[in-house]
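Report on the following structure.
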Amino acid sequence: MRVNLTNGDMFLELDPCAGGAISALRHQDLDVLRAAPDRIGPAFDPLKYAAFPMVPFVGRTHLGEMSFEGETYKLPANLPPEPHAIHGHGWRAAWKVAASDHTSATLTYEHTPDAWPWAYTAQQQFELKTDRLLVHLSVTNTSSHTMPAGLGWHPYFHREGAVLNVPTTHQWHPNETTGDNRPTPIEPTADLTRGRAAEDLNLDTTFSVGRDMVCLKWRTHSVTMRSDPVFSFATIYVPPGLDYFCVEPISHAPNAVNSPLPATETGFRALAPGETLSGLIELQVHH
């Protein structure tokens, strides 16, 4: 069952059973995000959608191996042929519609312990305004033990003619062999603070970001992205030769659970039983 929201010139379509993903976001006749293809039957590919949630962690957990509070856990690789666990569970799961009306909807995902031995509840609250989309993400630890946690959002934008201006402060360099991940000064080729054409970029990089908004511009329109301070990182993915790019607000650096760096630097969070991690992302269209 798809969920459609409208408000003025804005239109949002959600596909709860397909990873709780957005399948379309439009302003008038403009696709603000890359629209997903039609889905026939239960199978879906979240990588073809307009946007999907990342919970209860973001980015790659190196080789799916996680050390937490003296225990070691092995998570399944979920994006073959990559050997890592990536983006958590929500993007691969069916979500339930907890509430909806013409301009808002709430989706929930309940996780039962498996290789990830904690129960949790994830929630996405969507609110559509006449010129913007509000996405409120949260994860609540419903188990009886402390749980590592993170949140993120993975939107896809059209690459042709796009200019990116992102308030990056540092970039993170993962070691492909060990998974160790550390911040370094930004290389000139990855500097997005002065505006860079997407066509000139080849990135799959996580950055620490400041509190200024993200600005994305095309000839026909622009989009600004604001997010709560919990999203103090962003992964920028601009793959060569493809027609899209991603600007992903995230709450922690990839593989943060295994990092020797302090949580204040990596964004790592551990939730006590009953505790919630949450944050708001706002996408505004200027047309």
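For region 155-167, the count of residues that are surrounded by fewer than 16 Cβ atoms within 10 Å (Cβ to Cβ) and of a type in the set (D, E, K, R) is at least one. Per the conditions (1) without any contact (Cβ under 8 Å) to a residue 60 or more places away in the chain; (2) farther than 24 Å from residue 141 by Cβ; (3) not acidic (Asp, Glu), the sole criterion not satisfied by residue 28 is (1). Cβ-Cβ distances below 8 Å connect the following pairs, each with a first residue in region 210-238 that is closer than 17 Å to residue 186 by Cα and touching a residue at least 60 places away in the same chain (Cβ under 8 Å), a second residue that is assigned to a loop (DSSP other than H, G, I, E, B) and open to solvent by 20 Å² or more (accessible area, probe 1.4 Å), and a separation of six or more residues or different chains: 235/254; 238/202. Residues that are under 24 Å from residue 116 (Cβ atoms) and of a type in the set (D, E, K, R): does region 217-239 have at least one? The answer is no, given that none of the residues of region 217-239 is under 24 Å from residue 116 (Cβ atoms) and of a type in the set (D, E, K, R).
Quick one: is residue 240 open to solvent by 70 Å² or more (accessible area, probe 1.4 Å), farther than 29 Å from residue 104 by Cα and either part of a strand (DSSP E or B) or not β-branched (Val, Ile, Thr) (or both)? Here the answer is yes, as residue 240 does meet what is asked.
May I ask you to list the residues in region 125-167 that are among the charged types (D, E, K, R) and either part of a loop (DSSP other than H, G, I, E, B) or in contact with a Phe, Trp or Tyr (Cβ under 8 Å, 6 or more places away or on another chain) (or both)? Break it down into steps so the answer makes sense when it comes.
So in region 125-167, the residues among the charged types (D, E, K, R) come out as 127, 129, 131-132, 159-160.
Result: 129, 131, 159, 160.
Criterion first (surrounded by fewer than 16 Cβ atoms within 10 Å (Cβ to Cβ) and free of Cβ contacts under 8 Å to residues at least 12 places away in the same chain) does residue 121 satisfy it? Here the answer is no, as residue 121 does not meet what is asked.
Would you confirm whether or not region 100-114 contains a residue that is within 24 Å of residue 157 (Cα to Cα) and hydrophobic (A, V, I, L, M, F, W, C)? Yes, the conditions are met somewhere in region 100-114.
Looking at residue 219, is it open to solvent by 60 Å² or more (accessible area, probe 1.4 Å) and either aliphatic (A, V, I, L, M) or part of a strand (DSSP E or B) (or both)? Working first, answer last.
Values: open to solvent by 60 Å² or more (accessible area, probe 1.4 Å): yes; either aliphatic (A, V, I, L, M) or part of a strand (DSSP E or B) (or both): no.
No; evaluated as a whole, the condition is false for this residue.
Could you grab me the full set of residues in region 168-214 that are over 27 Å from residue 67 (Cβ atoms), part of a strand (DSSP E or B) and not hydrophobic (A, V, I, L, M, F, W, C)? Correct list: 168, 169, 196. Filter region 31-47 down to the residues that are within 24 Å of residue 9 (Cα to Cα) and either under 16 Å from the mean Cα position of the chain (by Cα) or open to solvent by 60 Å² or more (accessible area, probe 1.4 Å) (or both) and list them by number. Scanning region 31-47 gives 33, 34, 37, 38. Looking at (1) of a type in the set (S, T, N, Q); (2) in contact with a Lys or Arg (Cβ under 9 Å, 6 or more places away or on another chain); (3) open to solvent by less than 20 Å² (accessible area, probe 1.4 Å), find the lone condition where residue 266 falls short. Exception for residue 266: condition (2).
Table: residues versus (1) basic (Lys, Arg); (2) touching a strand residue (DSSP E or B) at 6+ places or on another chain (Cβ under 6 Å).
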| site | (1), (2) |
| --- | --- |
| 145 | no, no |
| 157 | no, yes |
| 204 | no, yes |
| 215 | no, yes |
| 219 | yes, no |
| 237 | no, yes |
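Among the strands (runs of 3 or more DSSP E) confined to region 59-116, the ones with at least 3 residues that are open to solvent by 80 Å² or more (accessible area, probe 1.4 Å) are located at 71-74.
The values are calculated or read from the model by the stated rules, or taken from the named source; none is laboratory data. In this text, all values refer to a predicted model and were calculated from it rather than measured experimentally. Glycine also receives a Cβ, built like all others from the backbone with ideal geometry; neighbour counts cover every protein chain displayed. When the accessible area is computed, the model is the full protein with side chains, heavy atoms only, and any ligands, DNA or RNA have been set aside. Shrake-Rupley method; radii C 1.70, N 1.55, O 1.52, S 1.80 Å.
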